[in-house]
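Where a number appears in this text, it was derived from the coordinates with a stated rule and is not lab data. Computed from a predicted structure; not experimentally measured. Counting neighbours? That spans all protein chains shown, and the Cβs are built from the backbone with ideal geometry, glycine included.
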Amino acid sequence: MFDLLRKHIEKRVHISDEEFDIISKFFVPKKMRKKQFLLHEGEVCKNIGFVNSGSLREYTIDNKGSEHIIQFAIEDWWVSDLNSFLSGLPATYNIDALQDSEVLLLDKSERENMLDVCPKIERFFRILIESNHVATQQRITDSLSTSAEERYLKFVKTYPKLFEQVPQTILLPTLVSLHNP
């Protein structure tokens with residue numbers, strides 16, 4: 001159940017078997033059914049989730065009732081309303097399962113305890129957040145300066161597994177609706 005998490009962590013930092021045994025105890029597995037919510041907008045986000053299997057989406061609904069997907073999360077990815085998780089403010093986003101999924105949840109106090117017990121994991125999360133920030137900046141730049149077709153082709157090339165796993169009816173409108181110069 002935790003093999004994928006270990007491989008994921010090991011891509012960024014080396015940990016011993018003993019360290020991983022300690023780390024894994026901080027996570028709580030959660031099975032989710034398709035369309036089941038992990039988080040509703042307005043609630044405080046109490047967990048970050050590592051997707052062990054399946055796929056989820058993080059999105060908001062505007063005052064006209066239109067959905068705006070912020071991110072997809074498939075196997076080997078993380079998902080959370082990070083602002084709400086870190087600040088304790090109400091969530092801006094909804095997170096739900098696009099298919100039956102299994103997520104490893106880590107709540108805020110357990111995360112802090114884990115960082116104290118295993119300092120290498122603090123480095124891991126720093127690297128993860130830095131990578132996420134760079135990817136987000138690139139996504140914003142692409143949305144402002146490339147056509148819908150260019151974004152689509154780059155997305156398919158960059159995230160082939162996501163493209164295969166997320167239903168086209170959800171994915172295509174998201175890619176096309178981004179700003180088009």
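Can you tell me the relative contact order of the stretch 38-119? Whole percent, Cα pairs under 8 Å, sequence separation 6 or more. Working shown, then result.
Details: 175 pairs, mean separation 34.9, N = 82.
After rounding, I find 43 percent.
In the Gaussian network model of the chain, springs joining C-alpha atoms below 10 Å, which of Leu82, Leu153, Leu106 carries the largest mean-square fluctuation?
Top of the fluctuation ranking is Leu153.
Please compute the length gained on full extension between Lys108 and Ile70, using 0.36 nm multiplied by the number of residues separating them and subtracting their Cα-Cα distance. Could you put the intermediate results ahead of the total?
Values: separation 38, 0.36 × 38 = 13.68 nm, distance 2.18 nm.
Here the segment from Lys108 to Ile70 would lengthen by 11.5 nm.
Using the Cα centre of the chain as the reference point, and only Cβ charges (+1 on K/R, -1 on D/E), how large is the resulting charge dipole? Debye, rounded to the nearest 20.
Values: 23 positive and 27 negative charges, 58 e Å.
Computed charge dipole of the chain: roughly 280 debye.
Measure up Lys25/Lys46; Lys11/Lys31; Lys7/Lys161 against 23 Å on the Cα-Cα distance and list the ones that go over. Walk me through the numbers on the way to the answer.
On the way: Lys25/Lys46 17 Å; Lys11/Lys31 25 Å; Lys7/Lys161 17 Å.
Beyond 23 Å between Cα atoms: Lys11/Lys31.
For the chain, set up a Gaussian network in which alpha carbons nearer than 10 Å are linked by springs, and say which option among Ser145, Ser24, Ser101 fluctuates the most.
Ser145
For Cys118, Cys45, what's the fewest-to-most ordering of other Cβ within 10 Å of each Cβ?
Working: Cys118 20, Cys45 26.
The fewest-first ordering by Cβ neighbours comes to Cys118, Cys45.
Given the options Gly54, Gly65, Gly88, which has the most mean-square fluctuation in a GNM of the chain, springs set between C-alpha atoms less than 10 angstrom apart?
Its mean-square fluctuation being the largest, the pick is Gly65.
Enumerate the amide H contacts of Asp100 below 5 Å, restricted to partners 5 or more residues apart or on another chain; note that Pro and chain-start residues carry no placed amide H.
Lys34
Just to verify a number: FRET efficiency for Glu43 and Val117, C-beta to C-beta distance, R0 = 30 Å, to 0.05? Display every interim value, and only then the final one.
Working: r = 28 Å, r/R0 = 0.93.
Step by step, r from the Cβ atoms, then E = 0.60.
Which value in nm describes the separation of the simple spin-label points at Phe20 and Arg126, placed 7 Å from the Cα toward the beta carbon?
Taking the two extended label points, one gets 2.3 nm.
Quick check on the chain: helices-only [θ] at 222 nm, where DSSP H runs of length 4 and up contribute -39,500 (n - 2.57) each and the sum goes over total residues. Nearest 500, please.
On the way: 8 runs with 86 residues, N = 181.
For the chain, the value works out to -14500 deg cm²/dmol.
What percent does the relative contact order of the stretch 3-177 come to when contacts are Cα pairs within less than 8 Å and at least six residues apart?
RCO, the stretch 3-177: 26 percent.
Using modelled backbone amide H atoms (1.01 Å from N, in-plane), which distant-in-sequence or interchain residues come within less than 5 Å of Leu39's amide H?
Hits under the 5 Å cutoff: Ile95.
In whole Å, what is the distance between the alpha-carbon centres of the stretch 1-70 and the stretch 89-117?
5
Rank Ala73, Ser53, Thr146 by how far each Cα sits towards the positive end of the charge dipole of the stretch 3-177 (+1 on Lys, Arg Cβ; -1 on Asp, Glu Cβ) and give me just the farthest.
After comparing all options, I get Thr146.
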